[in-house]
Number of protein chains: 2
Amino acid sequence: MASAAASGFDGPLIPVHPKRATVFGRPAAASLRDLAEPVDLAFIMTPLQAVEEVLDDAAQAGVPGVVVLASGYRENGEQGRILQDRLTARAAGHGITLLGPNCLGFLNAHARVAPFALTIPLPLLAGPVGIALQSGALASVLLSFARAHAIGVSTLASLGNEAMISTSDVIDYLIEDDHTKVIGLFLEEIGDAAAFTAAAVKADQAGKPIVALKVGTSQAGSAAALAHTGSVAGDDAVIDAALRQLNVVRVTSIEELLSTAAVLGYSRWPAGRRMGAVTTSGGACDLIADRASGEGIELPAFAEATVEAISAHVPSFAEVRNPLDVTGYFLANQRTSTLTPSDLALDHAAADPALDFVIYTGLTLPDAKPPDEAMADALDARAAWLAERVASAPVPIIPIGSTCVDLSEYGRSLLGRHGLHVLAGIDLGVRAIGNALRWMEGRGWLEGRGNLAAPKLVTRVTPVSTSGPWAETDARTLLQDFNIPVVPATLAHSADDAVRAAAGFGYPVAVKVSSAAITHKSELGGVALGLSTDAAVERAYDQVVAAAGDEAIDGVTVAPMRKGGVELLAGVTVDPTFGPVLAVGLGGIWVEVLGDVSLRVLPAGPAQVRQMLGELRGLPLLTGGRGQVPADLDKLSAVIASIGDAALSLGSALRSLEINPLWVNGDQVEALDVLVITESEPRS
Amino acid sequence: MASAAASGFDGPLIPVHPKRATVFGRPAAASLRDLAEPVDLAFIMTPLQAVEEVLDDAAQAGVPGVVVLASGYRENGEQGRILQDRLTARAAGHGITLLGPNCLGFLNAHARVAPFALTIPLPLLAGPVGIALQSGALASVLLSFARAHAIGVSTLASLGNEAMISTSDVIDYLIEDDHTKVIGLFLEEIGDAAAFTAAAVKADQAGKPIVALKVGTSQAGSAAALAHTGSVAGDDAVIDAALRQLNVVRVTSIEELLSTAAVLGYSRWPAGRRMGAVTTSGGACDLIADRASGEGIELPAFAEATVEAISAHVPSFAEVRNPLDVTGYFLANQRTSTLTPSDLALDHAAADPALDFVIYTGLTLPDAKPPDEAMADALDARAAWLAERVASAPVPIIPIGSTCVDLSEYGRSLLGRHGLHVLAGIDLGVRAIGNALRWMEGRGWLEGRGNLAAPKLVTRVTPVSTSGPWAETDARTLLQDFNIPVVPATLAHSADDAVRAAAGFGYPVAVKVSSAAITHKSELGGVALGLSTDAAVERAYDQVVAAAGDEAIDGVTVAPMRKGGVELLAGVTVDPTFGPVLAVGLGGIWVEVLGDVSLRVLPAGPAQVRQMLGELRGLPLLTGGRGQVPADLDKLSAVIASIGDAALSLGSALRSLEINPLWVNGDQVEALDVLVITESEPRS
């Protein structure tokens, strides 16, 4: 009620209470059925036990939408889940759209509607940032930071248990909403990956950036999310990869979420990473340079003409360079214009052809309106000038504060009057700009690269009948079906067989027991490598057979050893949320010790795989570092993409498909070992 | 003047101006010589040209201290340096202590003295944080963040060019100052490493943490620092290592600097990393868990008794776990006590034996005093209760806000009245706590580990006469003098010699050209490895000699090859600021591709080297990962420490001493190759 009033809503608000005659000081109806006029929305604040009855009342009264605050549903175990399903079915049966349960409601700052159960920090500023939260209680926290920095909100929704309206639905709504320029999310889980993917693709196409604070990066974090939402959190590395694939900017704090949304919602979008900086302190320059370096933002030198033009406005002892410190010298001197030297320098910097955008720390806002009318007017004139430049300078100008402190009421009103926005300090501001640049660079990716939203279908003709690991020969056949080069091999059934095969390939050779029952052959002694003589092959044959113990074996595989080159791991696992995920890394220490892998939700085409290789820290080993022959990365990417396709061809039976090692030496690429695990599908 | 008044200073302030009768509305004297009463400090705001004359006046008037604001000294090139030297000499000659030049002055919030040339954000709160800044203009930025979060300052000094009073002098002062509990620094350079080291050691011993925002992490950052201070910035990796060695907590933003200082200045110090968290939102729990994981802070499960005790205060659907969400449920319900469920839960958590400290987000402060007197009283009572618990609970309780927004004036006054402090949001707050824990864990390191402040002197009997790389035999002798195991080797002068030597060692062997003139033997073809036959050694002899071309050679070194094990790099270089620095890493890709090295300013004893090995990402290769024999890390550490000693023995002649590779296999450690470069000292 207070929230609704606070938002400026001036339509009728009618409390309903079965027993009390007045609620919040207003006359109350006893039931929704008693209302004289049609109602757009019922905000149901009753205990769980009464919700269904009120829902029936709402249906009777022709109420099309409800918000359900009550807890005790899905987040409360199996019994709660049953209650929630019943509630959802009942609402659906009535044709009622339901937000929640276990949610705090929503607010629309432009429409001035706020059926919201938490106090809203006032004033609530309407603006370009749409927000969906899976933790409603954080709404007031977000709104208090937004208020402090005059970040305006379009619609904010607390999603609760998403019984009917999901995160993706709200994203869809915000994409359509003309007031929303950027979408901010607080996520504990991504329940329906397909719907989320579709919404993210739509947002990217519509040019509406999504910025997401997805919690659960830590084990402990996942546990907390589990308790809170009753949902199993996915593996964080997969979520990270999937969000990057979907061009959703992932952030780690509320402050970063809102600051990033503010850059994207309030600033013109830069065309590149070449930043100019105009400040009034050398220390600020140092901080900006450090943060920019951390974000991969360039600070190119000013063009000569820029240096010359700026020199006219700064003291002779100030060095004109980027980032620029115009020095505090002017503070102590009389000025003839309302514009400061930093303003004038900014104007020149924004005309520099070497720059894509300029950040500006020169607009310092006082705690209150200056008592001296002339000073207040001068500040107003500067703000008007800056607003004009922000709107029409050759490159975007982004005003930024020096540290993260609240704007004063006066500051907010001055900025608001001129349509200006100032980022919340150098640290957050430059990080937010880095995030925004990453989003801009990622735009359009989704169309170009093995679109997640429209997976390529690779159907297998024969259904999968194996439950568990495949025999090596079957796995090799699968790879060959997808034109994946596999090291030649012979399945030997006697030591003599093995020696003959080895002679055929030429020494040295590798000998491995072939058994679907044994997935970790090396650890058991089922593999012998680098054998150079007939006698060694004979001994190895007996050894690897013995290692199998009582397990059934298909025979012993003999294959030539590959020399030189680099070994990779290329494997596909199935994430509970996003489905098949491709992992690529260099073998050995790179994966085992350094965890140096790149992940992509499948499908991924060769171009995407090429990007994955580029993300590996061990990349220099593939590009000719340390005396290696440079690998044919295009060929390698094509082979790895085919490995992904082979995995996808197994459909829902897929559990794991792993090539380890995948050997590459120049333009030679070969799978040296393969493990396929499936779970046969029940006949339908 | 305004600053001085703002600080509450009520002593006499007398403006001096050669021409004007009044300044800042006060009657002005024409010269310091005209003052009737003795003056403690002269704040010299004149242009550079007049400073020396005013200094003479000050001497005449018996003024013991001056602050010089003028710029154009050391930061302005050679001519400025001469002027600065002259100014310093003049002050010293007069017995005057000079702060600056090119500085903004200082303030002492407890003594209410503020000879300071920038506006001070009001009110200025006196407190435990002492601050020294190499960029004066940032002072108002720092103070505005400090004000926003009621972080009280003891003394803040802008150092300017440090002509007489250095950073280390101010640290020394702050260590002695009883009002200062923690020292915050903004550093652009560490000019005098010895003085800084001594000050840091003293601070550690006194239990006064130093938190430093040292800029210049980026190349661009260094360039900015160069322009601003006229000093050459050191290599950032060395600075990072040195600060860690000195137990100085390095931070990357102003917000992190002050938040970390606030934890250390206001909170009781936890005995360990086991954190409890009591919140009123699941989202806050998720954020806390993620941030804690990033900081290596543990969130152990509550003891059973704690769970039971807390369960009585939270709704049945709330799960009692750490981090704890007491839910927002109580907001909607009547309470019988002034204490909230979160308060009561906090009290139980702080008694949990599994925890070292508890953070608490439950104290939400309104924008203004609640108009309802009873509510205001209840809030006051809660604050009083919390203050009592913070002071006397079994483990430290650290109140923390949910996001980084300013405290309201009412909030500041409420907290101030009860001596409470609230950290600036979950992100900054948990990071600050992580920083504080690292400082606590580092305390006392300085005494235990090859104390930087009192370097062990390893004097070389014979002075170094070589300028450039040493002959291999000389370098081998140096290592042997320090009991560093070196692979046996013979210097051969003919192919026959080489074959004989190889036979003596047993095959395989390595053959290398020995020449002081050739430092990159491998690249030139001057090294042949893994030779297994007499013929191969003969061929290799001719090849490596040929590779030397016209360079003078001492002969050809023949040495046995070492099989298995792991190769390291252990090298000493000389940093312009900190002197000899030891670098240790695994060889090959680890150093070349991954940059996986640990650095220490020398001297470093075996215990410190052991820590260095622990910092390597490749550590698993030394501890038996990937099928390796576990290395004897104690022996390895002792050998590497001796390498550091050998380098130090070369005194100021040292340029570089590098063992690459240093081979380790179980308890065998051997230098396989060594390069020593010196610059002979001019005779004194």
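Tell me, which residue of the range A:72-119 that is at pLDDT 90 or above, within 14 Å of chain B (Cβ to nearest Cβ) and open to solvent by 60 Å² or more (accessible area, probe 1.4 Å) is farthest from the chain's Cα centre (by Cα)? Going through the qualifying residues, I end up with A:Gln79. When we screen B:Val66, B:Val51 for residues that are of a type in the set (A, V, I, L, M), within 34 Å of the chain's Cα centre (by Cα) and open to solvent by less than 70 Å² (accessible area, probe 1.4 Å), the only hit is B:Val66. Determine if the range B:427-438 includes at least one residue that is more than 20 Å from A:Leu142 (Cα to Cα), modelled with pLDDT under 95 and within 14 Å of chain A (Cβ to nearest Cβ). No: zero hits.
Using the structure shown, decide if B:Thr533 is over 29 Å from B:Ala646 (Cα atoms) and open to solvent by 40 Å² or more (accessible area, probe 1.4 Å). So B:Thr533 fits the description; yes. State whether one or more residues within the range A:481-490 are touching a strand residue (DSSP E or B) at 6+ places or on another chain (Cβ under 7 Å), over 20 Å from A:Glu658 (Cα atoms) and either surrounded by fewer than 20 Cβ atoms within 10 Å (Cβ to Cβ) or modelled with pLDDT of 95 or more (or both). Yes, the range A:481-490 has at least one match.
Scanning the range B:459-473 for residues that are more than 19 Å from B:Val527 (Cβ to Cβ) and not in a loop (DSSP other than H, G, I, E, B) turns up just one, B:Gly468.
Determine, yes or no, whether B:Leu69 is under 21 Å from B:Phe24 (Cβ atoms), within 13 Å of chain A (Cβ to nearest Cβ), touching a helix residue (DSSP H, G or I) at 6+ places or on another chain (Cβ under 6 Å) and touching a residue at least 24 places away in the same chain (Cβ under 8 Å). For B:Leu69, the condition - under 21 Å from B:Phe24 (Cβ atoms), within 13 Å of chain A (Cβ to nearest Cβ), touching a helix residue (DSSP H, G or I) at 6+ places or on another chain (Cβ under 6 Å) and touching a residue at least 24 places away in the same chain (Cβ under 8 Å) - is not met.
Which condition from (1) open to solvent by less than 30 Å² (accessible area, probe 1.4 Å); (2) touching a residue at least 24 places away in the same chain (Cβ under 8 Å); (3) in contact with a helix residue (DSSP H, G or I) (Cβ under 7 Å, 6 or more places away or on another chain) is the one that A:Ile589 breaks? Checking A:Ile589 against (1) open to solvent by less than 30 Å² (accessible area, probe 1.4 Å); (2) touching a residue at least 24 places away in the same chain (Cβ under 8 Å); (3) in contact with a helix residue (DSSP H, G or I) (Cβ under 7 Å, 6 or more places away or on another chain), the one that fails is (2).
For every residue, the table says whether it meets (1) at pLDDT 90 or above; (2) in contact with a Cys (Cβ under 7 Å, 6 or more places away or on another chain); (3) charged (D, E, K, R).
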| position | (1), (2), (3) |
| --- | --- |
| B:Gly8 | no, no, no |
| B:Val16 | yes, no, no |
| B:Ala21 | no, no, no |
| B:Glu37 | no, no, yes |
| B:Leu41 | yes, no, no |
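Of all residues in the range A:515-550, those being closer than 20 Å to A:Ile677 by Cβ and over 42 Å from the mean Cα position of the chain (by Cα) number 2. Scan the range A:611-641 residue by residue and report those that are touching an Asp or Glu at 6+ places or on another chain (Cβ under 7 Å) and either of a type in the set (Lys, Arg) or modelled with pLDDT under 90 (or both). Correct list: A:Arg617, A:Gly618, A:Arg626, A:Lys635. Number of residues in the range B:546-559 that are in a helix (DSSP H, G or I) and surrounded by fewer than 19 Cβ atoms within 10 Å (Cβ to Cβ): the value is 1.
Under the condition of being open to solvent by 10 Å² or more (accessible area, probe 1.4 Å) and in a helix (DSSP H, G or I), which residue from the range B:144-166 is farthest from the other protein chains (Cβ to nearest Cβ)? Looking at residues that are open to solvent by 10 Å² or more (accessible area, probe 1.4 Å) and in a helix (DSSP H, G or I), I get B:Arg147. Sort out which residues of the range A:388-404 are out of contact with any Ser or Thr (no Cβ under 8 Å at 6 or more places or on another chain), open to solvent by 20 Å² or more (accessible area, probe 1.4 Å) and either small (Gly, Ala, Ser) or within 24 Å of B:Asp406 (Cβ to Cβ) (or both), and write them in order of number. Listed by number, the residues that qualify are A:Ala391, A:Ser392. One residue is enough: does the range B:492-514 have a residue meeting the conditions open to solvent by 30 Å² or more (accessible area, probe 1.4 Å), closer than 27 Å to B:Ser652 by Cβ and outside any strand (DSSP E or B)? No: zero hits. Only a single criterion out of (1) crowded, with 21+ Cβ neighbours inside 10 Å; (2) at pLDDT below 95 is not satisfied by A:Pro209, namely (2). Being within 28 Å of A:Val263 (Cβ to Cβ), open to solvent by less than 40 Å² (accessible area, probe 1.4 Å) and either in contact with a Phe, Trp or Tyr (Cβ under 7 Å, 6 or more places away or on another chain) or of a type in the set (Gly, Ala, Ser) (or both): is that true of A:Ala137 here? Taking the combined requirement at face value, the residue satisfies it.
Conditions (1) open to solvent by 10 Å² or more (accessible area, probe 1.4 Å); (2) more than 12 Å from every other protein chain (Cβ to nearest Cβ); (3) in a helix (DSSP H, G or I), marked per residue:
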{"residue": "B:Leu258", "(1), (2), (3)": "no, no, yes"}
{"residue": "B:Gly283", "(1), (2), (3)": "no, no, yes"}
{"residue": "B:Pro315", "(1), (2), (3)": "yes, no, no"}
{"residue": "B:Leu339", "(1), (2), (3)": "yes, yes, no"}
{"residue": "B:Ala345", "(1), (2), (3)": "no, yes, yes"}
{"residue": "B:Ile359", "(1), (2), (3)": "no, yes, no"}
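I'm checking my understanding of the structure. Among residues of the range A:39-66 that are within 14 Å of chain B (Cβ to nearest Cβ) and in contact with a Gly (Cβ under 7 Å, 6 or more places away or on another chain), which one is nearest to A:Ala157 (Cα to Cα)? Ranking the candidates gives A:Phe43 first. Of all residue pairs spaced 6 or more apart or on separate chains, those with beta-carbon atoms under 6 Å, a first member in the range A:372-391 that is within 20 Å of A:Phe357 (Cβ to Cβ) and a second member that is in a helix (DSSP H, G or I) are A:Ala383/A:Leu414; A:Ala383/A:His418; A:Ala387/A:His418. Against the test of being within 14 Å of chain A (Cβ to nearest Cβ) and either within 27 Å of A:Leu69 (Cα to Cα) or surrounded by 17 or more Cβ atoms within 10 Å (Cβ to Cβ) (or both), the options B:Pro270, B:Pro323, B:Pro300 yield a single qualifying residue, B:Pro323. With a requirement of 3 or more residues that are open to solvent by less than 20 Å² (accessible area, probe 1.4 Å) and more than 14 Å from chain B (Cβ to nearest Cβ), the strands (runs of 3 or more DSSP E) lying completely within the range A:594-684 that satisfy it span A:597-601, A:654-665, A:674-678. Selection of the range B:21-45 for residues being open to solvent by 80 Å² or more (accessible area, probe 1.4 Å) and under 13 Å from B:Val67 (Cβ atoms) yields B:Asp40, B:Met45. The selection criterion, being open to solvent by less than 10 Å² (accessible area, probe 1.4 Å), in contact with a strand residue (DSSP E or B) (Cβ under 8 Å, 6 or more places away or on another chain) and more than 14 Å from chain A (Cβ to nearest Cβ), does not hold for B:Leu185. Does at least one position in the range B:364-375 carry a residue that is under 35 Å from the mean Cα position of the chain (by Cα), assigned to a loop (DSSP other than H, G, I, E, B), within 14 Å of chain A (Cβ to nearest Cβ) and crowded, with 24+ Cβ neighbours inside 10 Å? The answer is no, given that none of the residues of the range B:364-375 is under 35 Å from the mean Cα position of the chain (by Cα), assigned to a loop (DSSP other than H, G, I, E, B), within 14 Å of chain A (Cβ to nearest Cβ) and crowded, with 24+ Cβ neighbours inside 10 Å. When B:Pro123 is tested against (1) within 14 Å of chain A (Cβ to nearest Cβ); (2) open to solvent by less than 30 Å² (accessible area, probe 1.4 Å), only condition (2) is not met.
The values are calculated or read from the model by the stated rules, or taken from the named source; none is laboratory data. Not measured: the values here are computed from a predicted model. Note that we place each Cβ from the backbone using ideal geometry, even for glycine, and neighbour counts take in every protein chain shown. Ligands, DNA and RNA are excluded from the accessible area calculation, which covers all protein heavy atoms including side chains. Shrake-Rupley method; radii C 1.70, N 1.55, O 1.52, S 1.80 Å.
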